[in-house]
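The values are calculated or read from the model by the stated rules, or taken from the named source; none is laboratory data. Bear in mind the structure is a predicted one, so any value in this text is a computation, not a measurement. We place every Cβ from the backbone using ideal geometry, glycine too, and count neighbours over all the protein chains shown. These area figures cover heavy atoms from the full protein model, side chains too; ligands, DNA and RNA do not enter into them. Shrake-Rupley method; radii C 1.70, N 1.55, O 1.52, S 1.80 Å.
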Amino acid sequence: MTHPTDTGIYRNPTSYADPEFSKYMRRAFLAAAGYDREDVARPVIGIASTVSDYNPCHAHMPDLIEAVKRGVFEAGGLPFVFPTLSLNEIFFSPTTMLFRNLLAIETEELIAAQPMDAVVLMGGCDKTVPAQVMAAASANIPAVQVVSGAMRTGAWRGERLGACTDCRRYWARYRAGELTEPQLEGVTQSLCSTPGTCMVMGTASTMACVVETLGLMLPGGATPLSGTGDRLRVGVRSGRIAVAMARAKCRPSQQLTRASFLNALSVLNALGGSTNAIVHLLAIARRAGARLTLEDMHEVSQRVPLLVDCKPAGAGYMEDFHRAGGVPPLLKALEPLLHPFVPTLTGQTLGDYLNAVQPPQAWQSAIHTLDDPLGPTGALAVIRGDLAPEGGVLKVAAASPDLLAHRGPAVVFDSPEDAAARIDDPALKMTPEHVMVLRNAGPVGGGFPEAGSLPIPKYLAQKGVKDMVRVSDARMSGTSYGTVVLHCSPEAATGGPLALVRDGDLIELNTSERRLDLLVDATERARRREAFVPPPIPKRGWGHLYAKHVLPAHLGADLDFL
Ligand code: FES
C-alpha cells in the first residue's frame, strides 16, 4: 500500500532512497508514541515553541500551547510541538538581535525538515516574532503567528507602572539622585507584575500589531493580555484556523505583499511604534520578495498621524489599547489610508473584514481617529546626510522638539563598553549642547545592540538635563525616548562615516531637512578615511558567521545568503 508523500506525517520524507520505507518507519515510531492509523491520516500542524526558563515573557506559553493544541484537535488536525531557540531581551548577551537570524534560520530549517502541513509560531518577546515571520516567509507553508501577550500593569506608591518605559524613566531618576536605593527596589518589584511581554508599545507589542496587520495572525490576536481567557481563546482559534489553512494551502507569499507591508507601516506610525520594527519589516519583506525601502517608511510616516495612546509615545498601556478593541478598530480608523485588497488570515480581504468592524468608540480614549489624532504625522523620520548616506532613523515623537535642529561638538565612544566606562567621567566636560556619538554598535560592529539611547551623563542628569542629541549605528529599545538618531548606515565597522568622527568635531542635526552632517572639510575627512582600520570580528562560531554575512541596517540586517 502506498501513501501520499506530500501531506501529513509523510511530508518531507527521511531519505533512505526508499520513500515507502520512510513512511513505514514513521508509522512505526509514532505507534510507539500512541498514535494510530486514524491519527496519522490527519493534517499535521507544527507548533514552534519558544518556551524557556530564560524567557519570563513566555512563562504562560505552556498553557497557551495547550490551547492551540486543543484548537488543532477540534478541527481534525494532529498537533506536534517542537522546541526552538527562545530569545529574551533581558537575558541575552550582547543582544538578542545577534540571534534573531539564528532563530529565523533554525525555525525555517525545522519547518522544512519535519513533516507539517501548517505551522503555528509561538512567540512574543521582541526578536522572536520577526524571526518566526522571517522563517515563515522563507518556508512558505501555511503559517499562523500567536504571541504570548502583554503583561498587566503594576503600581508603586499609587502610580501605575509598566515595563519598560517606566523602567527607563525611574532608572534615569535614580541616576539623577531623585530616588533612593530602597525606593528603586520598590519600583523594581512593581514594574513587571505578571508574566508576558512588555506592556507598552515597545518592539514586542509593535511587532504583534504589525503581524496582525500583515495577515499572519488572527484578527484581534495581537493585544489580549498574557494569562487571560482572551489570550487562551486566541490560541484555540489559531489552532483551528491553522488546520483550515493547511487544507486550503494558504501561503505567506499570498499574504506578504508590498501592499500589506505598506499597511503595516501605516499601523506602525499610528501606534507610535518601535524603531526596531523598521529593521524587522525590511528583513521580512526581503525574505518575501516584496519591494520595501526606508523611503517607504518615511513617506508613510508623513501621511499617518499618531492614533494610539500608549507609552512611550502616549500615556497608556497595552491593556487600555486592548480594552478599546485593539488592532481591528485601529485598522477601521486608518481605513482610508489602507490598501483594502490584501488578505486577512481568515481568507477575507481586509476591506471586506473591515465592513463588519466598528470604528473607535466614544467611551474609550486609547484609539483616536484621523479627524482627532493624538499626535501629528511624521512620528518616525528617515535621516540622511554625511553621517547616514544610506539612512538613519529618528523617532521624532519621542524626541525633544528643541533638539530637532541642533549643532554641537561630538564626544565619541568607540563601543558600548567604551561608553559604559567613560560616559559619567566629568573629565569629558560634556554640556547639554554636546552630541554623543556611539559607533561600532551596528550589525557587524557589535551585533546591533539596543545601545543607541546612551544615558545622560550623571553629572548632567543631576543638574536636570533630560535629553541630548545622540547619534549611533546601534538600535534602541522600542520603550526608549530621546533625540536619538539610530541605525546610521553604512555602519562604522565597515568604514561608514561615523568612523571618521573625532571628539570636538561639529555635528549638525536638521530634522526638517532630514540631514545629519559632519562639519569637517572634505580634505580632512579623506585623510581620516585613509587611516581607517576596521575593528576585528569574532574569530569563530555564530558571531563570526554573522559578522561575515550580515546585511546593513537599511536592508534589514538579515544574512546575505538567506
Ligand atoms: Fe520581553 Fe520586553 S523583555 S517583551
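Working out 0.36 nm times the residue gap between Trp542 and Lys458, then minus their Cα-Cα distance, what length gain in nm do you get to one decimal?
Taking 0.36 nm per residue and subtracting the Cα distance, the gain is 26.7 nm.
Multiplying the sequence separation of Arg422 and His339 by 0.36 nm and subtracting their Cα-Cα distance, what value in nm do you get?
25.0 nm
Could you please state how large a percent of the accessible area of the range 485-525 is carbon and sulfur, counting protein chains only and using a 1.4 Å probe?
47
Before anything else, pin down the relative contact order of the chain: Cα pairs under 8 Å, at least 6 apart, normalised by residue count, whole percent.
13
Quote the accessible area belonging to Arg258 in square angstrom, nearest 10, computed with a 1.4 Å probe and with ligands, DNA and RNA left uncounted.
70
Given q = 0.22 Å⁻¹, what are the Debye log10 I(q)/I(0) values for the range 459-556, with equal point scatterers placed on the Cα positions and solvent ignored?
-1.28
Accessible area per residue of the range 213-349 at 1.4 Å probe, in Å²?
Heavy-atom accessible area per residue stands at 30 Å².
Search the structure for amide H atoms under 5 Å from the amide H of Cys488, placed 1.01 Å from N in the peptide plane, and list their residues when 5 or more places away or on another chain.
Residues meeting the criterion, in which the H sits 1.01 Å from N, are Val393, Ser472, Asp473, Ala474.
By DSSP, what percent of the beta bridges with both residues in the chain are antiparallel, rounded to the nearest 5?
The antiparallel proportion sits near 50 percent.
What's the carbon and sulfur percent of the range 176-247's accessible surface, probe 1.4 angstrom, rounded to a whole number?
55
Relative to the present Cα-Cα distance, how much length would full extension add between Thr431 and Tyr54 at 0.36 nm per residue of separation?
131.7 nm
What does the helix-only formula give at 222 nm for the chain: each DSSP H stretch with n ≥ 4 adding -39500 (n - 2.57), the total divided by the residues, and the result rounded to the nearest 500 deg cm²/dmol?
Dividing the helical sum by the residues of the chain leaves -10500 deg cm²/dmol.
Over all directions, the average projected area of the alpha-carbon convex hull for the range 44-143 comes to how many nm²?
5.6
Mind giving me the FRET efficiency for Arg515 and Asn12? R0 is 60 Å, r the Cβ-Cβ distance, nearest 0.05 is fine.
0.70
Just to check, using Stokes-Einstein with a Kirkwood Rh over alpha carbon pairs, what's the diffusion coefficient of the chain at 20 °C and 1.002 mPa s in µm²/s?
Once the numbers are plugged in, D ends up at 88 µm²/s.
Among the lysines, select those whose C-alpha is under 21 Å from the C-alpha of Lys311, and discard any that sit fewer than 8 residues away in the same chain.
Correct list for Lys311: Lys127, Lys395, Lys466.
In whole Hz and in residue order, list the ³J(HN,Hα) couplings for the range 122-138 that follow from phi through the Karplus curve 6.51 cos²θ - 1.76 cosθ + 1.60, θ = phi - 60°; x for Gly and Pro.
9, x, x, 4, 2, 7, 5, 5, x, 4, 5, 6, 4, 5, 5, 4, 7
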